1. Averaged over its residues, how many other protein chain Cβ atoms are within 10 Å of peptide B:122-131's Cβ atoms?
2. First measure r as the distance between the Cβ atoms of B:Ala153 and A:Asp95, then evaluate 1/(1 + (r/R0)^6) with R0 = 51 Å and state the FRET efficiency to the nearest 0.05.
3. Within straight cross-link reach of A:Lys120, meaning Cα distance under 24 Å, which lysines are found once same-chain residues fewer than 8 apart are removed?
4. Counting only Cβ atoms, what residue of chain B lies nearest to the axis that sends chain B onto chain A, and how many whole Å off?
5. Can you classify chain A as rounded, prolate or oblate using the Cα gyration tensor, where a ≥ b ≥ c are the square roots of its eigenvalues, rounded means a/c under 1.5, and otherwise it's prolate if a/b beats b/c and oblate if not?
6. Please report the spacing between the Cα centers of segment B:150-164 and segment A:64-122 in Å, no decimals.
7. So, with +1 on the Cβ of K and R and -1 on the Cβ of D and E, and no other charges, what is the size of the charge dipole of segment A:19-157 about its Cα centre, to the nearest 20 debye?
8. Can you compute the radius of gyration and Dmax for the protein assembly as shown, using only the Cα atoms, both in Å?
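A short reminder: the numbers here are calculations on the coordinates, not readings from a lab. Just so it is clear, the model here is predicted, and its values are computed rather than measured. Every residue, glycine as well, gets a Cβ built from its backbone with ideal geometry; the counts of neighbours run over all protein chains shown.
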2 protein chains.
Amino acid sequence: MILDSETKAVELPEDHGNELRLWLRLLTCTTLIEGEVRGRLRERFDVTLPRFDLMAQLDKVPDGMTLSDVSKRMMVSNGNVTGLVERLVESGHVDRRTSDTDRRVQVIRLTKTGRAEFRKMAAEHETWIAQIFSDLTPKDVRELMRLLAKTKASARKSARMRDL
Amino acid sequence: MILDSETKAVELPEDHGNELRLWLRLLTCTTLIEGEVRGRLRERFDVTLPRFDLMAQLDKVPDGMTLSDVSKRMMVSNGNVTGLVERLVESGHVDRRTSDTDRRVQVIRLTKTGRAEFRKMAAEHETWIAQIFSDLTPKDVRELMRLLAKTKASARKSARMRDL
DNA sequence: CGCCAATTGTTTAAACTTAAAGAAATAAGA
DNA sequence: TCTTATTTCTTTAAGTTTAAACAATTGGCG
């Protein structure tokens, strides 16, 4: 504890420049890659990134998910998902029905054509990502995975503490 | 080169699952931190993240920047910056004038109050970031910086190759 | 000079995104 | 049971974002 000349507690401004620079670099990487993927999805398949992301969530489950599940997994607001799903239903990629056991719940699934189209997009998408990271060695990839896991845990803890 | 039974060239589908998982984890980290920062900026200062980011760019230069410079640095579209600047001029945080030497160019700067407000926000912002990364050791931070620099370079190279 | 290309910024339409308020249904507890 | 809280989803208003088309200006080059 540090006390000033009139005996009040004082916070010394610490230097957190390294963490700030790390955050900016992380943001730069993500923005860069996101832009690249967005552009390729549009050029090759005329699809937007949010639509692709939502379909990716649905592709992982055969029996569909609720809108809340999608919202939590994508870390976006509920209202956002409502709009995205509306457009994907409109375009025939997604099927939506009310749950039999809980009439609040909407269950959404990929349609047959939606799933087929997504699989084609996903296959190419994976090669783009591989190319984007192609200068990293397998060891780099493992190390990044480990450090980002630690980062994720630290950020979540920080978010939980703020919620109190 | 791999040939199939009828002597045509065939691409073997390689496994790029690790790179894909790395990308998703990177995206998760960024989304998580971005949401945390966005919420705090709104609660504490009633300011949006894009406005804060733009002011952060301007704070680094005393004599102002052109809209194109801001656009490149923030990695967002020109039209996006036009709108953001319009609102920041409206709220009195940013000053805008046409360049003396090139009438196409708009030079924008922080106003006195804009700079003062930003400095206050930035000081707290830095402590939030430090808290978010607080479970990382200094070595972790250095390693992440290094690996993300490599990632950034790899992604940029990939983007350049696509532009050809 | 005069044309042509490139740069700079704005406008437009559509989509995305959030936060907040609200509606409907379910769950929980007195 | 009845009331209250919670969950789920939608709606709304405002703001952000992009891609594309456009206007204005500058620079290069014959």
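1. Numbers: counts 1, 1, 0, 3, 8, 6, 6, 10, 9, 9.
Partner-chain Cβ atoms within 10 Å, mean over residues of B:122-131: 5.
2. Working: r = 43 Å, r/R0 = 0.84.
Here the calculated transfer efficiency is 0.75.
3. Within the straight-line cut-off, A:Lys120 pairs with A:Lys60, A:Lys112, B:Lys8.
4. Residue with the nearest Cβ, plus whole-Å distance, for chain B: B:Thr30, 2.
5. Values: a/c = 2.90, a/b = 1.60, b/c = 1.81.
Note, shape of chain A comes out oblate.
6. 33
7. For segment A:19-157, the charge dipole is close to 420 debye.
8. Looking at the protein assembly as shown, its Cα Rg and Dmax stand at 23.0, 89 Å.
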